[in-house]
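Contents: one structure, followed by commentary.
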Amino acid sequence: MASTASQTRDHLFAHATDYMRHLASIIGKLNDTQYTRESTALPGSTIGKHVRHVLDHFALLFAALASAQSASDNLQHPLGPVDYAHRERSPLTESTVGGGQSSIGRAIAIVEQLREREAVIPSFITISDTLPGGSTASFLSTVDRELWFCIHHMIHHNAIIASLMFELGLDPPTEFAYAPSTIKLAHDLAE
């Protein structure tokens with residue numbers, strides 16, 4: 001029987017792929033003009049740029065996880081660092097629907113490979129990012145926490161993508177842009 005930590009990570013990997021598949025389906029209903037149309041409410045913002053931004057964060061975490069060799073206690077030598085401020089931006093991901101869908105497909109394939117290697121992925125990881133004022137800080141975190149961060153970050157950007165779709169006169173699915181806790185609360189209140 002799998003441990004609770006292993007079950008949690010497996011659930012997180014499953015949720016990541018579910019959200020990615022949903023995003024691929026949503027953007028698949030757009031044409032390239034809609035995908036790259038600049039927002040009037042958020043100047044410089046496009047649906048494609050938000051898709052690319054979300055995938056950038058997953059890619060950094062996935063690269064660190066792919067380098068894992070052993071799941072032994074790694075508190076003294078955590079994976080990483082994962083530097084969320086230094087992302088490689090893929091112009092193709094943000095410039096065409098097909099590019100976005102291909103990038104999402106590659107990310108899903110990486111998640112599936114990581115699931116197969118879950119037993120060698122350790123618990124701890126070092127994260128670094130830029131703080132207000134421009135300084136950089138490093139944090140000790142857990143792989144599961146960072147996977148959840150990437151998923152929740154995606155949900156936040158899905159909400160922005162939904163807003164951009166409304167700007168285009170489109171109607172995104174209601175639950176696309178809501179956090180699981182918001183969806184649960186709505187269901188609980190409806191009962």
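The table that follows gives values for the structure above.
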quantity	calculated
Cα-based convex hull volume of region 112-160 per residue, rounded to whole Å³	96
Size of electric dipole in region 99-191: Cβ of Lys, Arg +1 and of Asp, Glu -1, about Cα centre, debye, nearest 20	280
Spin-label zone in region 112-132 - amide nitrogen under 15 Å from a point set 7 Å from the Cα of Thr8 along the C-beta vector	122-125
Highest to lowest packing among 55-63, 183-191, 162-170, scored as the average C-beta count within 10 Å	55-63, 162-170, 183-191
Relative contact order %, the chain, counting alpha carbon pairs below 8 Å whose residues are six or more apart	26
Share of Cα-Cα pairs in region 37-98 lying beyond 17 Å, as whole percent	53
Listed residues Asp171, Asp144, Asp83, most fluctuating in the chain (Gaussian network, C-alpha, under 10 Å)	Asp171
Where labels lie 7 Å past Cα in the beta-carbon direction, separation of Arg87 and Ala186 in nm	2.5
For the chain, calculated [θ]222 nm from helices alone, where every DSSP H run of n ≥ 4 adds -39500 (n - 2.57)	-19000 deg cm²/dmol
All-pairs alpha carbon distance profile, region 60-191, 5 Å steps from 0, percent	2, 8, 13, 17, 18, 16, 13, 8, 4, 1, 0
Farthest toward positive dipole pole in the chain [+1 Lys/Arg, -1 Asp/Glu at C-beta], among Pro173, Ile155, Gly99	Gly99
Charge dipole magnitude, Cβ of K and R +1, D and E -1 - the chain, Cα centre, debye nearest 20	280
Mean accessible surface per residue for region 6-155, computed with a 1.4 Å probe while every protein chain stays in place, in Å²	49
Lys/Arg +1, Asp/Glu -1 at C-beta; the chain dipole; positive extreme among Asn31, Thr142, Leu185	Asn31
Percent of beta bridges antiparallel (DSSP, region 55-181, rounded to nearest 5)	70
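The values are calculated or read from the model by the stated rules, or taken from the named source; none is laboratory data. Since the structure is predicted, the reported quantities are computational estimates derived from the model, not experimental observations. Cβ coordinates were reconstructed from backbone atoms using ideal geometry, including for glycine residues, and neighbour counts include every protein chain displayed. Areas reflect the complete protein model, heavy atoms only, side chains present, ligands, DNA and RNA absent. Shrake-Rupley method; radii C 1.70, N 1.55, O 1.52, S 1.80 Å.
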